[in-house]
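Below is one structure, written out as structure tokens, with a few remarks after it.
The values are calculated or read from the model by the stated rules, or taken from the named source; none is laboratory data. Quantities reported herein were computed from a predicted structural model and do not represent experimental measurements. Cβ atoms come from the backbone with ideal geometry, glycine included; neighbour counts cover every protein chain shown.
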Amino acid sequence: MSLPVHLQSRYLPLGDQRTGRLYGQDVLSVSQFCRDDLEYIFGVAEAMRTMVAHIGTVDLLKGKILANLFYEPSTRTSSSFAAAMERLGGSVIQINEVRYSSVAKGESLPDTIRTLESYADVIVLRHPETGSAAIAAQHGRKPIINAGDGIGEHPTQALLDLFTIREELGTIDGLTVTMLGDLRYGRTVHSLARLLSLYNVRLNYVAPEILRMPAELLEQLNAKGVHQAEYDTLDPVMAETDVLYVTRVQKERFADISAYDAVKGAYVITPETMARFPSRMALMHPLPRVGEIAPEVDSDPRAAYFRQMEFGLYVRMALLAMVLGKA
Ligand code: ASP
């Protein structure tokens with residue numbers, strides 16, 4: 001069925017846009033990107049990085065307003081989007097605690113989106129339900145950026161993760177990426193594995209049995225010919241790992257807290273663990289960490305997680321500028 005005319009621009013492949021990549025589009029899933037799009041986004045992000053280092057703030061998005069709507073806790077995603085908008089000269093309506101908005105009175109997501117788009121030019125949305133960003137986009141006229149939809153996706157995190165890998169190791173093709181921890185509920189690894197499938201990579205998944213990567217995702221990537229292997233310990237993959245992507249066990253997704261308690265400390269990266277990895281590799285984590293990486297590891301030059309969160313600012317500046325037609 002063809003899309004209604006008013007929705008067509010959202011779902012057209014990026015290259016079909018008339019006024020710049022991503023202009024007026026939603027960012028809902030990493031599946032909407034091809035490699036060429038990623039190179040373009042990373043190029044803009046590099047330019048943003050240089051701009052921040054030399055000037056700090058510009059007025060590229062002066063007069064534009066971002067509604068930053070968070071139904072779930074966030075530190076980095078929320079504040080980096082706000083900082084990104086302000087560094088580009090725009091302003092932000094910040095709704096971090098929906099308890100104090102009309103959501104607490106029972107307002108539906110579509111009505112909240114309709115409200116915010118009356119005031120703002122772009123909406124960043126974090127919501128506990130998978131598919132919520134897509135629903136918001138169906139009901140809204142302004143671009144929606146998915147900042148995490150439950151256990152579904154976190155596309156802007158995956159973009160900054162890839163940008164980080166490129167910055168740290170100079171390439172993505174040819175790498176072996178090992179994802180560790182909560183691969184079942186961790187939306188960051190769902191998006192990252194999908195995005196990495198555009199490259200020539202080997203993916204290792206290390207998780208306790210109950211936190212394995214969803215079968216549906218494994219099948220999708222298998223169908224694309226991606227090399228994937230599953231393990232329950234790190235030992236067999238340490239020597240070949242170029243990127244170790246550690247995740248937090250997502251306590252908030254467990255119905256049974258005793259199941260969480262049974263797996264929460266399953267893997268902890270210490271200086272002793274790091275000694276067994278290659279001398280050139282990157283240790284990443286979307287953060288927050290709650291014990292998976294010992295603080296003693298922070299001084300290891302391979303520990304990339306704090307640089308990773310800084311890169312999030314530049315990637316999100318690039319996305320806002322592109323979605324609003326200014327890059
Ligand atoms: N901050 C990331 C997310 O929102 C990772 C995490 O919470 O563990 O998915």
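Exactly one residue out of T178, T171, T273 is in contact with a Leu (Cβ under 6 Å, 6 or more places away or on another chain) and either modelled with pLDDT of 95 or more or of a type outside the set (D, E, K, R) (or both), and it is T178.
With respect to (1) within 16 Å of the ligand (Cβ to nearest atom); (2) in contact (Cβ under 8 Å) with a residue 24 or more places away in the chain, the lone exception for A82 is condition (2). For P214, state whether it is surrounded by fewer than 16 Cβ atoms within 10 Å (Cβ to Cβ), within 16 Å of the ligand (Cβ to nearest atom) and under 23 Å from E129 (Cα atoms). It is true that P214 is surrounded by fewer than 16 Cβ atoms within 10 Å (Cβ to Cβ), within 16 Å of the ligand (Cβ to nearest atom) and under 23 Å from E129 (Cα atoms). With respect to the conditions (1) within 16 Å of the ligand (Cβ to nearest atom); (2) within 19 Å of F311 (Cβ to Cβ); (3) in contact with a strand residue (DSSP E or B) (Cβ under 7 Å, 6 or more places away or on another chain), A133 lacks only one, and its number is (2).
Kindly provide the set of residues from region 287-315 that are hydroxyl-bearing (S, T, Y), touching a residue at least 12 places away in the same chain (Cβ under 8 Å) and either part of a loop (DSSP other than H, G, I, E, B) or within 22 Å of T176 (Cβ to Cβ) (or both), ordered by number. Passing the criteria: only Y305. In the set L88, L125, only one residue is in contact with a helix residue (DSSP H, G or I) (Cβ under 7 Å, 6 or more places away or on another chain), more than 16 Å from the ligand (Cβ to nearest atom) and modelled with pLDDT of 95 or more; that residue is L88. Of the residues in region 182-204, at least one is basic (K, R) and either away from the ligand (no atom under 16 Å from the Cβ) or touching a Cys at 6+ places or on another chain (Cβ under 6 Å) (or both). Counting the residues of region 39-74 that are within 16 Å of the ligand (Cβ to nearest atom), loosely packed, with under 15 Cβ neighbours inside 10 Å and at pLDDT 95 or above gives 0. Residues that are within 16 Å of the ligand (Cβ to nearest atom), within 20 Å of A239 (Cα to Cα) and not aliphatic (A, V, I, L, M) within region 278-291 comprise just one, H285.
Taken over region 273-303, the criterion of being small (G, A, S), surrounded by fewer than 24 Cβ atoms within 10 Å (Cβ to Cβ), touching a helix residue (DSSP H, G or I) at 6+ places or on another chain (Cβ under 8 Å) and closer than 24 Å to S79 by Cβ is satisfied by A303 alone.
Looking at (1) outside any helix (DSSP H, G or I); (2) away from the ligand (no atom under 16 Å from the Cβ), find the lone condition where L116 falls short. Every condition holds for L116 apart from (1).
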